[in-house]
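Below is one structure, written out as structure tokens; comments come after it.
The values are calculated or read from the model by the stated rules, or taken from the named source; none is laboratory data. Note that the coordinates shown come from a computational prediction; the quantities given were computed from them, not determined experimentally. Backbone-built Cβ (ideal geometry, glycine too); neighbour counts: all protein chains shown. Note: accessible area is taken over every heavy atom of the protein model, side chains too, but ligands, DNA and RNA are not part of it. Shrake-Rupley method; radii C 1.70, N 1.55, O 1.52, S 1.80 Å.
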Amino acid sequence: EAMSDWKGVAISLGNLGNCYYDLVQYEKAIDLYQQYHDISEKIRFRQGVAISLGNLSNCYNCLGQYEKAIAYHQQSLDISEKIGDEQGVASSLHTIGSILLKLENYSEAERKIQASLVISQDIGYKYLIAYSLRVLAKIAHQTNRPELALRHCQEALKLCQELGIPLVKECEELLGEIQATLENN
């Protein structure tokens with residue numbers, strides 16, 4: 001602030017918001033993310049606006065306010081598309097799809113996650129590829145397509161193990177559920 005580095009101030013507010021988000025203090029995180037958003041908008045820092053909207057969405061998602069979360073992430077998606085931020089587009093599509101899954105809107109959730117997966121594969125964003133494959137496996141499992149679910153889940157598990165990301169346990173649990181379904185059919 002003393003140096004009038006408003007982009008730095010905005011990013012710092014976002015980082016503070018991340019800390020409160022991690023501490024499950026969503027109301028405080030929302031306040032900080034809103035400040036991040038407002039400053040970013042004022043200085044025309046479009047990526048900051050997109051990121052802050054995504055962060056606000058994540059808070060509302062955790063608070064169970066799914067429609068509001070989708071609306072914020074849709075705004076983030078729109079900005080990411082306009083500025084050519086493919087990673088931001090893929091992340092927004094993934095998050096919207098994951099929220100739609102919670103709302104049991106399986107076809108729309110699958111469409112968003114598939115779109116996220118395609119972009120993630122194009123740009124080599126392996127972390128998001130793994131998460132998208134797991135969500136696609138879950139959707140296929142919940143919509144009675146066990147062979148597809150198994151294929152997606154095995155791919156997700158392999159990638160999670162390769163990358164060392166903490167999704168391995170969730171993939172193994174889902175894989176067990178899918179295999180049980182296949183054995184019972």
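The table below gives the values:
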{"read-out": "Qualifying residues in segment 48-90 (those that are assigned to a helix (DSSP H, G or I), polar (S, T, N, Q) and open to solvent by 20 Å² or more (accessible area, probe 1.4 Å)) - the one farthest from LYS28 (Cα to Cα)", "value": "GLN87"}
{"read-out": "Residue in segment 100-112 that is of a type in the set (D, E, K, R) and at positive phi present", "value": "yes"}
{"read-out": "Within segment 1-45, tally of residues that are open to solvent by less than 70 Å² (accessible area, probe 1.4 Å) and within 14 Å of SER57 (Cα to Cα)", "value": "12"}
{"read-out": "Residue that is without any contact (Cβ under 8 Å) to a residue 24 or more places away in the chain and among the β-branched types (Val, Ile, Thr), where the choices are VAL135, VAL168", "value": "VAL168"}
{"read-out": "Filtered residues of segment 145-178 (kept if small (Gly, Ala, Ser) and surrounded by 14 or more Cβ atoms within 10 Å (Cβ to Cβ))", "value": "ALA149, ALA156"}
